[in-house]
Each structure stands twice: as C-alpha cells, then as structure tokens.
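Asks: I'd like to ask some things about the structure below.
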Amino acid sequence: MPYDYDDQNIFAKILRGEIPNKTICETEHTLAFHDIRPQAPVHVLVIPKGAYVNADHFGAEASEAEIVDFYRTLAKLSADLGVAPGTGGAGYRVIGNAGPDSHQEVPHFHMHILAGRSLGAMLVHPA
Ligand code: 5GP
C-alpha cells in the first residue's frame, strides 16, 4: 500500500526551518525536540528527517542507516536525559501513534519520550 506523505505537516515545516522548535539534538538523519504541549516533566519528540508518515512506513521504506540512526539517537537521548534504566534512570515511556484509532495528530513519524514522573497505566481507557 502506498503511503501518502503530506509535506505541509507541522514537523515537515520544522525540518525545513519554517517554524521554530526547541531542539535537543540533531544527527544526519534524526531530530529531537521538546513537545510544545508537554504531558510529563520530560516530553521529547524524536523524528526522522526523511518523509515517513508513521512507524510502519518508516520500518518498511527507510534505509538501514536512517533506522539505525533513529534508534541510536533515541537510546542516547534517553541516557542523556537521565531517564534510561540502563544508565540509572527511573524509566520512560515511548509512544508512537499511527493512524486514526491512535489519534495521531501530526502525519510525520515520531516517537514521544515521556518521563520524569510515574506515568501510570499504559491506557486510560482499556478496552
Ligand atoms: P501525535 O498525536 O501525532 O502522536 O502527537 C503530536 C505531538 O506533536 C503532540 O504531542 C503535540 O503537542 C506536538 N506538536 C504539535 N504541534 C507542534 C509544534 O508546532 N511544535 C512542537 N514542538 N510540538 C508540536
């Protein structure tokens, strides 16, 4: 199934430098910045620079270099933020929304890193 990427989405505009963001780190293929409406003391968004709609699009069509860079950046970031259990942090939650049932707001693949407090149950309204 072809993926239809809307290059007018807000993260595409951030990547083109058309609107500002609070960047935390940037690599060849990946950008991480603070979420504009944080839902936890730490709320960071990690996005690939490439034009991918969601996690399944990224996993299916991104190059190995992009995929490795994305997950290495996410891992380094969680350690740098002091939340990675592997480096003594209290933990974090990674969320990746995809499509209408997930209420994905921005159609450019991103992972949320949420941390800094106990995050409670994974879903507020389980089925
Ligand atoms: P989604 O529901 O697509 O997984 O989450 C999109 C996230 O992007 C939301 O948490 C929202 O607060 C964040 N967001 C939306 N617009 C902007 C923006 O202009 N700048 C930043 N930094 N975050 C944004």
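Asks: Take every Cα-Cα pair in the range 10-115 and report what % of them are more than 21 Å apart.
Replies: Of the Cα pairs, 32 percent sit more than 21 Å apart.
Asks: How large is ³J(HN,Hα) for each residue in the range 108-116, as worked out from phi by the Karplus curve 6.51 cos²θ - 1.76 cosθ + 1.60 (θ = phi - 60°), to whole Hz, x for Gly and Pro?
Replies: 10, 3, 8, 10, 8, 10, 10, 6, x
Asks: Ok, one more. Under a Cβ-Cβ cut-off of 15 Å, what is the net charge of the residues other than residue 92 that fall near it, where Lys and Arg count +1 and Asp and Glu count -1?
Replies: Charge balance in the 15 Å sphere: +1.
Asks: While we're looking at this one, here's another question. Can you tell me the relative contact order of the chain? Whole percent, Cα pairs under 8 Å, sequence separation 6 or more.
Replies: Contact order relative to length: 28 percent.
Asks: Shifting gears a bit: Considering only protein heavy atoms and a 1.4 Å probe, what is the carbon-and-sulfur percentage of the accessible area of the range 10-115?
Replies: 53 percent
Asks: Here's something else I'd like to know. Per residue of the range 64-81, what does 6.51 cos²θ - 1.76 cosθ + 1.60 with θ = phi - 60° give for ³J(HN,Hα)? Whole Hz please, x for Gly and Pro, Karplus curve as stated.
Replies: Working through the residues one at a time gives 4, 4, 5, 5, 5, 4, 4, 6, 5, 5, 4, 5, 5, 4, 4, 6, 4, 6 Hz.
Asks: Could you check the spin-label model distance between residue 103 and residue 19? Points 7 Å from the Cα along Cα→Cβ, value in nm.
Replies: 1.9 nm
Asks: Now for a separate question. Could you give the distance between the Cα centres of the range 1-61 and the range 72-113, to the whole Å?
Replies: If you average the Cα positions of each part, the centres end up 12 Å apart.
Asks: Looking only at the range 1-44, which residues have a backbone nitrogen under 12 Å from a spot 7 Å from the Cα of residue 80 in the C-beta direction?
Replies: Residues passing the 12 Å test: 23-28, 30-34.
Asks: Hey, got a sec? Which GluC sites (Glu not before Pro) in the range 1-36 land in a DSSP loop and have at most 16 other Cβ atoms within 10 Å?
Replies: 18, 28
Asks: Oh, and also: Name the residues whose placed amide hydrogens come within less than 5 Å of the amide hydrogen of residue 49, ignoring near sequence neighbours (fewer than 5 apart) on the same chain.
Replies: 30, 31
Asks: Only loop residues by DSSP count here, and only those with at most 10 other Cβ atoms within 10 Å; note down the trypsin sites (Lys or Arg not before Pro) in the range 10-71 that meet that. Numbers along the way, then the final one.
Replies: Numbers: sites: 13, 16, 22, 49; in loops: 16, 22, 49.
Passing sites in the range 10-71 are 16, 22.
Asks: Leaving out ligands and nucleic acids, and using a 1.4 Å probe, what accessible area per residue does the chain come to in Å²? Walk me through the intermediate numbers first.
Replies: Working: 7750 Å² over 127 residues.
With the other protein chains kept in place, the chain gives 61 Å² per residue.
Asks: Right, next: Add +1 for every Lys or Arg and -1 for every Asp or Glu among the other residues with Cβ under 14 Å from the Cβ of residue 56, and state the total.
Replies: Neighbour charge sum, excluding residue 56 itself: -3.
The values are calculated or read from the model by the stated rules, or taken from the named source; none is laboratory data. Only a predicted model underlies this, so the values are computations on that prediction, with no experimental measurement involved. Using ideal geometry, Cβ is built from the backbone for each residue, glycine included, and neighbour counts are taken over all protein chains shown. Note: accessible area is taken over every heavy atom of the protein model, side chains too, but ligands, DNA and RNA are not part of it. Shrake-Rupley method; radii C 1.70, N 1.55, O 1.52, S 1.80 Å.
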